[in-house]
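Accompanying notes for the structure given below.
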Amino acid sequence: MTSKFTCITCRVAFKDADIQRQHYKADWHRYNLKRKVADLPPVTVEEFQRRVLLQREQDNLESTPINAHCKICRKSFSSQNAFENHLNSKKHKEANISLVELEESNNTPNNLNGENIYRDKIINVSADITKKQGDNPTVDDVVMQEDSDSDIEEVDSDEWDEEYKDNPIANNNCLFCSHHSRNTVKNLKHMSLEHSFFIPDVEYLVDLKGLLMYLGEKVTQGYMCLWCSEKGRSFHSSDSTKQHMVDKGHCKMLHEGETLAEYADFYDYSSSYPPDHQDNPDAEVTVPVLDDSDYQLVLPSGATI
């Protein structure tokens, strides 16, 4: 391998540590992290760019303004996505069934050709799709400029199989010392008792193994302190990184500010969101009024208002 700065998830090498750290925050790296958790091989940066462009085209198509009308329900829609959601809704299907039953009841012997007064009550969609003008997204919109061909070198998969074994989590080893455990649960228990390590917002965690593997990569491949992250000093080996975290009491995750986005793929906070009241978006919301008689303002001088 030509460089000691690598990413075993994406199977690439970098010229220096700064480019490596930028890569760890790129969408391409996060995409390959998800694939690794699903036991899928990583994709190249070119393949990732192609998939992103295809997804954007699909999203643009679904959100393109149209003029769609459902005559059965007498409703109009301004986007293809909204119209398709309506067609799959329970209310539309019930209305459609009622219409069919009504049509069948009106098919008398005098109406042998199958025509009836409700023949025009069918879905009639008139879509005039106008694609938005604008340039196609460039490569720079998808992958950071730092991830250029001159800065990144693809590496043979056989080399990664060898380096993958160095991830402490893959071997049930501690992130901060040389202790070995029989399984992931015992490994977590050791790190918690011996190093006071804990996982923030664990109730919203959806990918424990993926998160731990990522932390292992940061320490053993990126030589990054989990608490200092990119704002701390640089290290030249995983051993010096571990020693720093133990000596400084940094055996913990920084989970605030920019790092929230870094770990977003491993969490799901949707259960903490307030209800969106989709059934009645026009419903009046009652805002509780606070009684200011029980509150007071303390000034710097010590006086209260």
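The values are calculated or read from the model by the stated rules, or taken from the named source; none is laboratory data. Just so it is clear, the structure is predicted and the values come from calculations on it, not from any experiment. Because the Cβ atoms are built from the backbone with ideal geometry, glycine has one as well, and the counts that use them run over all protein chains shown.
Any idea which residue in segment 193-234 is surrounded by the fewest Cβ atoms within 10 Å (Cβ to Cβ), counting only those that are assigned to a loop (DSSP other than H, G, I, E, B) and aromatic (Phe, Trp, Tyr)? Show your work before the answer.
Taking segment 193-234 as the starting set, the residues that turn out to be assigned to a loop (DSSP other than H, G, I, E, B) are 196-201, 206-207, 221-228, 232-234.
In the following step, the residues that additionally are aromatic (Phe, Trp, Tyr) were identified as 197-198, 223, 227.
On the way: Phe197: 19, Phe198: 12, Tyr223: 22, Trp227: 18.
Going through the qualifying residues, I end up with Phe198.
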When every residue in segment 9-34 that is modelled with pLDDT of 85 or more and farther than 23 Å from Cys228 by Cβ is compared, the one surrounded by the fewest Cβ atoms within 10 Å (Cβ to Cβ) is Asp27
Of those in segment 190-238 that are out of contact with any strand residue (DSSP E or B) (no Cβ under 9 Å at 6 or more places or on another chain) and of a type in the set (Val, Ile, Thr), the residue modelled with the lowest pLDDT is Val202
Within segment 186-200, residues on the phi < 0 side of the Ramachandran plot and not charged (D, E, K, R) come out as Asn187, Leu188, His190, Met191, Ser192, Leu193, His195, Phe197, Phe198, Ile199, Pro200
